[in-house]
1. Among the listed residues 318, 341, identify the single one that is within 30 Å of residue 36 (Cβ to Cβ) and within 19 Å of the chain's Cα centre (by Cα).
2. For segment 459-467, check the following and say yes or no: at least one residue is closer than 16 Å to residue 377 by Cα and surrounded by fewer than 18 Cβ atoms within 10 Å (Cβ to Cβ).
3. Among the residues of segment 220-263, write down those that are within 19 Å of residue 162 (Cα to Cα), in a loop (DSSP other than H, G, I, E, B) and in contact with a strand residue (DSSP E or B) (Cβ under 8 Å, 6 or more places away or on another chain).
4. Between 67, 91, which is surrounded by 14 or more Cβ atoms within 10 Å (Cβ to Cβ), touching a helix residue (DSSP H, G or I) at 6+ places or on another chain (Cβ under 9 Å), part of a loop (DSSP other than H, G, I, E, B) and not assigned by TED's automatic domain parsing to the domain that holds residue 470?
5. What number of residues within segment 324-333 are closer than 21 Å to residue 469 by Cα and either in a loop (DSSP other than H, G, I, E, B) or under 11 Å from the mean Cα position of the chain (by Cα) (or both)?
6. For residues that are part of a loop (DSSP other than H, G, I, E, B), in contact with a strand residue (DSSP E or B) (Cβ under 7 Å, 6 or more places away or on another chain) and within 21 Å of residue 333 (Cβ to Cβ), tally how many sit in segment 127-157.
7. Can you tell me which residue among 367, 352 is crowded, with 18+ Cβ neighbours inside 10 Å and over 30 Å from residue 449 (Cα atoms)?
């Protein structure tokens with residue numbers, strides 16, 4: 001009898017298996033045209049479930065069958081070639097519009113033979129010298145119909161071609177307007193749910209770590225290398241004063257009125273190393289429980305991160321969470337079909353290695369309808385943070401402040417490449433209050449530091465069904481503490 005009790009006790013004490021991404025999201029590789037180098041750099045959704053794919057080598061292909069249940073039946077047609085590394089493409093009114101290094105171009109097939117025969121320049125007006133790093137990332141049109149182009153620095157370090165390190169706007173009439181400065185090395189550009197524009201900037205000079213930045217019109221984004229081109233335009237006012245080297249962003253914000261700090265910092269190596277494409281989830285729940293959040297590609301770690309944003313005292317800030325991983329190459333474009341709830345990603349390893357072992361990839365991800373136990377949102381409060389979960393929590397565990405731990409740090413704002421984590425502190429979770437429905441936990445925290453990244457570890461929290469969090473970590477950039 002005693003041995004039976006021991007056996008039964010052992011069975012009941014065994015915890016459930018840790019959750020896995022594949023329990024909730026189905027990732028599938030889409031076959032590519034044989035014997036073609038398909039370093040996917042842009043993805044555009046077309047009518048009749050066709051998907052256009054541009055490559056770093058300058059080809060544009062159209063794929064049929066990318067939504068199908070049998071992906072071995074996909075068909076490809078090459079629509080155009082000899083373009084200059086298009087990075088950003090969308091479909092509108094029977095045409096594909098893409099941003100390549102020297103210009104924004106409209107491609108049309110007027111005789112319906114499957115090949116583009118009209119290549120119309122919609123806007124140019126920035127410099128290009130042939131440097132490998134002078135990428136140009138183009139957005140879909142904003143509410144005014146303008147296409148935004150984020151221009152990388154020459155060699156990722158200096159501005160040797162006009163308006164390198166700037167964001168330009170191409171209007172429907174073809175006017176090209178310098179609209180923001182201070183960019184370093186964008187990896188992607190896209191809108192949030194409210195229609196505000198963001199870009200990802202990579203670690204380097206004046207960027208202690210990679211980040212998601214709000215591309216506010218007229219703003220200075222932090223890297224002064226291209227500010228000499230204020231002499232060539234009066235579109236956004238006077239040149240900002242140069243930042244002081246080896247300072248802090250919080251200090252320089254007060255000196256430089258045009259400076260908009262990063263909305264969400266992605267701590268180097270902990271949250272990837274090379275953020276890329278951006279897309280907002282407007283699928284109304286067709287891709288899971290993260291409506292209106294951002295999905296951000298990651299080249300080096302072959303991942304997609306998830307970002308929850310909020311606006312506090314006029315500035316964007318928020319948290320980044322790990323989300324999807326295991327992709328076959330380094331991701332560049334990220335596109336979500338909002339009606340179908342299908343995420344398309346693509347990428348390349350050329351120039352930068354990645355965890356994905358293939359030279360290039362084109363993949364899709366679909367949600368299977370099961371809700372993962374996750375921290376859905378993390379929002380700042382005057383005395384701490386509020387966490388919202390996708391499922392009710394175990395109120396006893398989640399209500400224990402010892403179930404959470406926090407750290408805080410910032411980066412040196414400097415002309416040298418990147419920065420170590422500095423000014424570290426250990427904020428303390430003093431209390432945790434669980435809502436009646438178990439979906440929200442209010443954390444009272446002492447030791448918040450404005451301007452710092454606040455790291456949260458909630459791995460001890462369990463759902464009311466004793467489930468583990470799929471991703472128990474969050475990194476919140478606290479630009480402003482709410483009043």
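1. Numbers: 318 fails: within 30 Å of residue 36 (Cβ to Cβ).
Step by step, each of 318, 341 is checked, and only 341 is within 30 Å of residue 36 (Cβ to Cβ) and within 19 Å of the chain's Cα centre (by Cα).
2. yes
3. Residues satisfying the conditions are 221, 222, 223, 233, 235, 236, 240.
4. Details: 91 fails: part of a loop (DSSP other than H, G, I, E, B).
The match here is 67.
5. Taking segment 324-333 and keeping what is closer than 21 Å to residue 469 by Cα, we get 324-326.
Cutting the leftovers down to either in a loop (DSSP other than H, G, I, E, B) or under 11 Å from the mean Cα position of the chain (by Cα) (or both) gives us 325-326.
Adding up the residues that qualify gives 2.
6. Total meeting the criteria: 10.
7. Sole residue among the options that is crowded, with 18+ Cβ neighbours inside 10 Å and over 30 Å from residue 449 (Cα atoms): 367.
Conditions (1) surrounded by 15 or more Cβ atoms within 10 Å (Cβ to Cβ); (2) out of contact with any helix residue (DSSP H, G or I) (no Cβ under 8 Å at 6 or more places or on another chain); (3) modelled with pLDDT under 95, marked per residue:
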residue	(1), (2), (3)
239	yes, no, no
242	no, no, no
254	no, yes, no
257	no, yes, no
269	no, yes, no
279	yes, yes, no
289	yes, yes, no
294	yes, yes, no
307	yes, yes, no
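The values are calculated or read from the model by the stated rules, or taken from the named source; none is laboratory data. No experiment lies behind these values; they were computed from the predicted model shown. In this analysis, Cβ positions are derived from the backbone assuming ideal geometry, glycine residues included, and neighbour counts consider all displayed protein chains.
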